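The values are calculated or read from the model by the stated rules, or taken from the named source; none is laboratory data. All values reported here derive from a predicted model rather than from experimental measurement. When we count neighbours, we look across all protein chains shown, and the Cβ atoms used for this are built from the backbone with ideal geometry, even at glycine.
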Amino acid sequence: MAYKWPNKDKDEIADYSVDWSRFLGTDTLAAATWFIDDANGLKTQVSDTSIINGLQFVTGTISGRVATARFSLGTNNIKYNITCRISTGNGLQYERSVALTVKEK
């Protein structure tokens, strides 16, 4: 199953989230690590203010069972592959990729 977020305008600074509730059951979300595929399709780990292929990862947060990434910039008409990898309180790891397309509004 392919996941997709709503389009982002290149001038927006916006939050995009992954809700892990269905996967965690009674487990807790301990950490989230974010990745953006570069222009060659290489999954690249990002940290605050990283820019990959024109898209800026501003920061990431976790709240309850939801991991959120804030993005800025981006190149018009590019579909970015964003990956969220989480670790749980019980030591499990899960990973999901989501498409984020930049479109001028």
| remark: Note on region 74-92: residues in a strand (DSSP E or B) and buried (at least 17 other Cβ atoms within 10 Å of the Cβ) are Tyr80, Ile82, Thr83, Cys84, Arg85, Ile86, Thr88
| List, please: which pairs have Cβ atoms under 6 Å, are six or more places apart or on different chains, and start with a residue in region 47-63 that is closer than 23 Å to Thr28 by Cα and end with one that is loosely packed, with under 15 Cβ neighbours inside 10 Å? | Thr59/Asp48
| field | Search result, residues across region 15-42 that are surrounded by fewer than 15 Cβ atoms within 10 Å (Cβ to Cβ), touching a strand residue (DSSP E or B) at 6+ places or on another chain (Cβ under 6 Å) and under 19 Å from Ser97 (Cβ atoms) | value | Asp15, Asp19, Ala31, Asp38
| query | Can you tell which of Phe35, Phe23, Phe57 is out of contact with any Pro (no Cβ under 8 Å at 6 or more places or on another chain) and assigned to a helix (DSSP H, G or I)? | reply | Phe23
| query | Using beta carbons and a limit of 8 Å, which pairs, at least six apart or on different chains, have the first residue in region 3-15 and at pLDDT below 95 and the second one basic (Lys, Arg)? | reply | Tyr3/Arg96
| message | Anything in region 62-80 that is under 11 Å from the mean Cα position of the chain (by Cα) and more than 15 Å from Ile13 (Cα to Cα)? List them, or say none. | response | Ala67, Tyr80
| request: Confirm whether Arg96 is over 18 Å from Asp9 (Cβ atoms) and part of a strand (DSSP E or B). | output: yes
| Every residue from region 1-20 that is in a strand (DSSP E or B) and more than 17 Å from Asn53 (Cβ to Cβ) | Tyr3, Lys4, Ala14, Asp15, Ser17, Val18, Asp19
